[in-house]
């Protein structure tokens, strides 16, 4: 069963926001903007990932909502701050982080010691309010894994530019990609469309 990400309106909103604020360069969000952002992202994530009562399915859906929320947050943050955002998925499948990049760093490999992490408007797991999610540090997600992140045919990271679109490390328009969230026998595939980064979720395994 395929559930299309209902984020087209959010993408349009971000493009309008970019047009309005393209001459204004701010260093952060206001408190009201933070509250509105969290509300919008929570509603979007709840809408595209249905609920489950308990067990591996519930944990997997919670993790899927969290990663979708962070994807939308990175996209909106890139537009609001007029900066590049990269979502890097850890090679062992244990989570992801969101980095702040300069234009000359798009092709630079992720390095934990030198990475500049984006502010976290959802949950930071104690990482100084920065966007860094490690399943090993969260009892809710002990059995969750991010599997096979692949974008543009060869990259394991996802980059948003200042318009909210996704781009390849060389700065060209992205051809899109996908990754999977696994929780026991349950799994979900998250796909991002070329150029726009529109999110689509497909349930791959596990009982309904």
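In the set 141, 179, only one residue is within 16 Å of residue 96 (Cα to Cα), surrounded by 18 or more Cβ atoms within 10 Å (Cβ to Cβ), in contact with a helix residue (DSSP H, G or I) (Cβ under 9 Å, 6 or more places away or on another chain) and at pLDDT 95 or above; that residue is 179. Among residues of region 122-137 that are at positive phi, those with a Cβ under 7 angstrom from a residue that is modelled with pLDDT under 90 and outside any loop (DSSP other than H, G, I, E, B), sequence gap 6+ or separate chain, pair up as 125/137; 129/119. For region 90-114, the candidate set comprises residues that are in a strand (DSSP E or B) and touching a helix residue (DSSP H, G or I) at 6+ places or on another chain (Cβ under 6 Å); within that set, the residue that is nearest to residue 161 (Cα to Cα) is 98.
Exactly one residue out of 126, 164, 197 is surrounded by fewer than 17 Cβ atoms within 10 Å (Cβ to Cβ), modelled with pLDDT under 95 and either within 14 Å of the chain's Cα centre (by Cα) or part of a loop (DSSP other than H, G, I, E, B) (or both), and it is 126. Against the list (1) modelled with pLDDT of 95 or more; (2) crowded, with 21+ Cβ neighbours inside 10 Å; (3) more than 13 Å from the chain's Cα centre (by Cα), the condition residue 104 fails is (2). The listed residues are 57, 94, and the only one of them that is surrounded by 14 or more Cβ atoms within 10 Å (Cβ to Cβ), closer than 21 Å to residue 148 by Cα, more than 11 Å from the chain's Cα centre (by Cα) and at pLDDT 90 or above turns out to be 94.
The values are calculated or read from the model by the stated rules, or taken from the named source; none is laboratory data. Predicted model, so just to flag it, every value in this text is computed and none were measured. Neighbour counts run over all protein chains shown; Cβ positions are idealised from the backbone, glycine included.
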